[in-house]
Amino acid sequence: MKVCSQVQERIALGEPLPDAERLHVSSCEQCSLVAEAQSQLDASLEYLVEPVPEGFADRVMSRIAQPELAHAPRWFEARWVELALANVALVCALVNAVRFVAGVLIPTVSLGVTP
Amino acid sequence: MDDEFLIQQTLAGNQQAFRLVVLRYQRPLFRFLGLLGFRGARAEDVAQETFLRAFKALGSFEPARGAFSTWLFTIARRLAITEWQRSRREGPAPVSVEEAPSPAPDPAQRALLAERARRLERALAGLPAQLRSTFFFSQIDELSLEEVAEIEGCAVGTVKSRIFRAREQLRLALAEEDT
């Protein structure tokens, strides 16, 4: 039945049922079996859930307060900004290296040609 | 106070604002890790690392690209997968349902729930990886279906279908063991 498949899909997705569908579940054996099985599944899942250990937030904050993390990261510490700055520095270094080599080699060559 | 405000405050140097972020997300994060099979110290290690990484990378978080919860759980997911792979290389983690909290006060009911949880862990382990991952995220109340879809990199329809299939497979697996 269309209603059954609609209701069972909603139950399986863990969505709340509207009143009309809840009424249907109470009168439909097939749907009430599915609803019962899913609620047992939810109860078992709750058993697997890990509780938050006492003082967890304090431990996180004390690690954050350690010197290497003591200040909050700022915009210029974002990974992409760091990468961009590193690339700019590399390009500058290459340009300077080329200029240096050219400056050393070119006078030498011209000296060699001059009698 | 919404997440964006707390993040701005943290970036402006107010560390206590980040504490509120931790308090807000610690419960769903432990829930997620617990469902993945992380218990006790292992769960705490991954959870702490998630918040530390989030804090360090906070400057790169862009609210326009998605919710903070999506971003945080993406970090948690990556860390959990790495930890999962590491522990698998070193040998399977012991099944530790006994360490889990006991919501049922009655000892008989507690034993029954513990047994069902053990069977559920086996059934969860038997789910295909994609179904399992999507299903775990769907169990986090703080994440909408759209956010789960963003983390999983698929359409909302796919998320719904995966949740449906995962729940059906789990239900059938538990029903089979009941008979």
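Considering only residues that are within 13 Å of another protein chain (Cβ to nearest Cβ) and either in a helix (DSSP H, G or I) or at pLDDT 90 or above (or both), which ones fall in the range B:131-157? So that I can check it myself, show each step before the final result.
So in the range B:131-157, the residues within 13 Å of another protein chain (Cβ to nearest Cβ) come out as B:131-132, B:134-141, B:143-145, B:148, B:156-157.
The answer is B:Leu131, B:Arg132, B:Thr134, B:Phe135, B:Phe136, B:Phe137, B:Ser138, B:Leu145, B:Val148, B:Val156, B:Gly157.
With (1) at pLDDT 85 or above; (2) surrounded by fewer than 17 Cβ atoms within 10 Å (Cβ to Cβ); (3) more than 8 Å from chain B (Cβ to nearest Cβ) as the list, and A:Glu15 as the residue in question, which single condition is left unmet?
Exception for A:Glu15: condition (1).
When the range B:156-167 is examined, which residues are found to be surrounded by fewer than 17 Cβ atoms within 10 Å (Cβ to Cβ) and in contact with a helix residue (DSSP H, G or I) (Cβ under 6 Å, 6 or more places away or on another chain)?
Going through the range B:156-167, the residues surrounded by fewer than 17 Cβ atoms within 10 Å (Cβ to Cβ) turn out to be B:156-158, B:161.
Correct list: B:Val156 only.
The values are calculated or read from the model by the stated rules, or taken from the named source; none is laboratory data. Note that this is a predicted model, so its numbers are computed, not measured. Note that we place each Cβ from the backbone using ideal geometry, even for glycine, and neighbour counts take in every protein chain shown.
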